[in-house]
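See structure below.
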Amino acid sequence: MLSAELFLQGWAAIVGLCLGSFMNVCIARMPEDRSVASPPSHCPACGHKIRWYENIPVLSWIFLRAKCSSCGTSISPLYPLIEILMGLLAVLLWREFVPLFSLSNLAAWVFYTLFVFMLVASTYIDLRHYIIPDQFTIYAVPFGVLGVGGLQLLGYEGPHAMTIGHAFVGALAGGGILLLTIGAWWLIRRVEAMGFGDVKLLAMMGAFLGALPAVPFILVGACLVGSVIGMLLMIKRGSGLKTQVPFGPFLAIAGIAYVFFGEVLIRDYLPIWWLGAA
Ligand SMILES: [Zn+2]
């Protein structure tokens, strides 16, 4: 039994590595509105078409010694790091969602792995370009709501199991609470507290995780992570309060933390919240 379990986790790791490889394409192309499907991957410096054996996650980067085989331009270590990160997350998600192999658990793993994929990609793109692609936020809301409905039909009962109605309310609550915050902040200070990308991102997360206790958990978590990193940045750069830090990555990090630890943390430490949850 143990070896079968290891085999399945190894398979999950390979899927994760390949997702990481695809994420690298998304990260490079989506901010410029280029298709992620065509043309095939090529070296950004010389246009050399990347052959299949030069496109194997992590291994190719090592065999190519971090250089394009045609022009020798160096390939950033961020490429294999993203692949390793996604491989690791896919295995951790497998351990959380597939304690027993069943169709509904497998479907939940696929669903929440794609969710985490979108959060990691959004974080990277937001940090580099100060935008979050709509494909990973507002366009993913119906996918999240219908996916929760599909899991419900399959009789899924594992972590984050809920009804399609909860997913719908979650999306409204996630987007709504940030819209209200922006509106209130605008009335008081006449500045935009955050971008609408963050509103769409939290709406998407609400669709995948429900309203309670996920949305308040993510908001509080994002503010905590944000204040720590914000203070560190201020100390390092010696700049004032106006240092621009995008909020989206903190929401995404808190969302990933919620997928893994949220339910347990709240059940053990804040049971009063749990009573209101589904
Ligand atoms: Zn090249």
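Of the residues 24, 105, 55, the one that moves most in a GNM of the chain with alpha-carbon contacts below 10 Å is 55.
Between residue 70 and residue 48, the simple spin-label model (points 7 angstrom out along Cα→Cβ) gives 0.8 nm.
Based on DSSP H runs of at least 4 residues, each adding -39500 (n - 2.57), what is the mean residue ellipticity at 222 nm of the chain after dividing by all its residues, to the nearest 500 deg cm²/dmol? The helix contribution divided over the chain gives -21500 deg cm²/dmol. Taking 0.36 nm per residue of separation and subtracting the Cα-Cα distance, full extension of the segment from residue 181 to residue 269 would add 29.0 nm.
Excluding residue 174 itself, calculate the net charge of residues whose Cβ lies under 13 Å from the Cβ of residue 174, where each Lys or Arg counts +1 and each Asp or Glu counts -1. Net local charge, residue 174 excluded: 0. Put +1 on the Cβ of every Lys and Arg and -1 on every Asp and Glu Cβ in region 1-97; which of 90, 58, 45 then has its Cα farthest towards the positive end of the dipole? Final value for the positive-end residue is 45. Label-to-label distance for residue 8 and residue 128 is 3.5 nm, based on points extended 7 Å past Cα in the beta-carbon direction. Considering region 1-97 at the alpha-carbon level, its Rg and Dmax are found to be 15.0, 49 Å. Springs join every pair of Cα atoms under 10 Å in this Gaussian network model of the chain, and among 179, 233, 85 the largest mean-square fluctuation is at 233. With the simple model of a label 7 Å out from the Cα in the direction of the Cβ, residue 56 to residue 28 spans 1.9 nm.
Between amide H atoms placed 1.01 Å from N, distances below 5 Å from residue 42 occur with 50, all of them 5 or more places distant or on a separate chain.
Which of 128, 267, 237 moves the most in a Gaussian network model of the chain with Cα springs under 10 Å? The residue with the greatest mean-square fluctuation here is 237. Rounded to the nearest Hz, the phi-derived 3J(HN,Hα) couplings of region 178-187 under the Karplus curve 6.51 cos²θ - 1.76 cosθ + 1.60 (θ = phi - 60°) are 6, 4, 4, 4, 4, x, 5, 5, 5, 5, where x marks glycine and proline. Once a ≥ b ≥ c are taken as the square roots of the eigenvalues of the Cα gyration tensor of the chain, is the result rounded (a/c under 1.5), prolate (a/b larger than b/c) or oblate (a/b not larger than b/c)? Since a/c reaches 1.5 but b/c is at least a/b, the shape of the chain is classed as oblate. Using the Cβ-Cβ distance between residue 35 and residue 237 with R0 set to 45 Å, the FRET efficiency from 1/(1 + (r/R0)^6) comes to roughly 0.75.
One Cα centroid belongs to region 16-63, the other to region 201-231; the line between them spans 31 Å.
For residue 67, the residues whose modelled amide H falls within less than 5 Å of its own, excluding neighbours fewer than 5 places apart on the same chain, are 75.
Where Rh denotes the Kirkwood radius from the mean inverse Cα pair distance, what is Rg over Rh for region 34-184? Across region 34-184, the Cα-based Rg/Rh ratio is 1.05.
Any read-out appearing in this document is the output of simple, stated calculations on the displayed coordinates, not a laboratory observation. In this text, all values refer to a predicted model and were calculated from it rather than measured experimentally. Cβ coordinates were reconstructed from backbone atoms using ideal geometry, including for glycine residues, and neighbour counts include every protein chain displayed.
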